[in-house]
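Here is the structure we will look at.
The values are calculated or read from the model by the stated rules, or taken from the named source; none is laboratory data. Everything quoted here is computed from the prediction, not taken from an experiment. Positions of Cβ are backbone-derived with ideal geometry, glycine not excepted, and every protein chain shown enters the neighbour counts.
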Amino acid sequence: MAGQAAEDDAGFEQSLRPRRLAEYIGQGKVKDQLSLAVEAARTRGETLDHVLLYGPPGLGKTTLAGIIAAELGVAFQSTAGPLLQIKGDLTAILTNVQARQVLFFDEVHRLQPQLEEVLYSALEDYRLDIIIGQGPAARTHTLELKPFTFVAATTRAGLVSAPLRSRFGLILRLEFYQPAELEIILRRSAQILGVPLDPDGGAVLARRCRGTPRIANRLLRRVRDFAQVRAQGKITAAVAEEALALLEVDEYGFDEADRRLMLALIEKFEGGPVGVNTLAAVLAEEPDAIEEIYEPYLMQIGFLSRTPRGRVATALAYRHFRVALPARGDQAGLFTP
Ligand code: ADE
């Protein structure tokens, strides 16, 4: 179960998004920093500094961007790095911004380099240099832009170039959620959807969603279907367990894709180290998907380690998949946490 939103889940996800900081559960440090900066900007009547949000998919970066605009009481406009193809696309957006509004770019690491360069002066001093004509007759025309807050999100902070990163006043990392936080999020979602969710049922889902609210909410929807058809509509612990077994989500929240990745690493590459491109080829997956979607959680729970020589399965992973550990010395890369 990847963190990426599937098409049919998009509207559902939208309806569950908290709109204000007070409704947003977890991410305490991020919330503290944001509420302080927002309050300071509001009291001074200034534009909030640019904000970079990074972390694995599904943790609430887009939601937070919307909340920042709501807390500032300004307009919100959103796009994504890969959607902008030519300079004109970016110029059109920048010349239309309203004073102090939030301009949100998702997947900012996928913005084309020549567009990123246009962005530098826009972020630095709200100016846009436009070159008119070609060759000796070319002239540069500078457009003044309204001051705005650029909020950017990325799953790959390491791919954001240093010059772009240096333009953000706030750089905030979102973390995986604790089960207790996910229980609160699930309770709220169940209330909005009108689904009867037992506290024990909520606890089961909270432990099986890989620390990710988007996955928690998606599991809630799937388990609701199961409860409606096979039980009396109520999601109890037993109903949740049964539904998750049917969905092939195990006690760590792993689904087929996670298991395939870990088993390939353990069985085909003797636990590693193996390069991400080789692993991706064997799994017929994109290396980016492995790095952005699957690996962060596997690393967080100590199943997989990234070493300079490649990916390595840990002793914990061997135990979970009930594969005997290779004898010491046989397997150079094995990492014991
Ligand atoms: N839904 C998704 N993420 C959430 C969060 N952090 N708080 C409340 N509801 C959410």
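Structure notes:
- Unmet criterion (only one of (1) away from the ligand (no atom under 12 Å from the Cβ); (2) over 15 Å from the mean Cα position of the chain (by Cα)) for Arg20: (1)
- All positions within region 304-319 that are farther than 16 Å from Lys268 by Cβ and either touching a residue at least 24 places away in the same chain (Cβ under 8 Å) or part of a helix (DSSP H, G or I) (or both): Ser305, Thr307, Arg309, Ala315, Leu316, Arg319
- Any hit, region 206-228, residues being under 26 Å from Ala10 (Cβ atoms), part of a loop (DSSP other than H, G, I, E, B), among the charged types (D, E, K, R) and in the same structural domain as Leu53 (by TED's automatic domain parsing): no
- Taking strands (runs of 3 or more DSSP E) as the structural unit, those lying wholly within region 88-189 and holding at least 1 residues that are more than 16 Å from the ligand (Cβ to nearest atom) and either more than 24 Å from Gly55 (Cα to Cα) or at pLDDT below 95 (or both) correspond to 127-132, 139-144.
- Identity of the residue in region 265-282, under 25 Å from the mean Cα position of the chain (by Cα) and not β-branched (Val, Ile, Thr), that ends up surrounded by the most Cβ atoms within 10 Å (Cβ to Cβ): Leu265
- Residue satisfying condition, being at pLDDT 95 or above and part of a helix (DSSP H, G or I), within set Ala245, Ala257: Ala245
- Reported count of residues in region 37-73, each being of a type in the set (Ser, Thr, Tyr), more than 14 Å from Leu103 (Cα to Cα) and assigned to a helix (DSSP H, G or I), is 1.
- Test: residue in region 41-49 that is crowded, with 16+ Cβ neighbours inside 10 Å, more than 15 Å from Asn217 (Cα to Cα), within 16 Å of the ligand (Cβ to nearest atom) and of a type in the set (S, T, N, Q): no
- The sole residue among Ala10, Ala37 that is outside the structural domain of Phe148 (by TED's automatic domain parsing) and of a type in the set (A, V, I, L, M) is Ala10.
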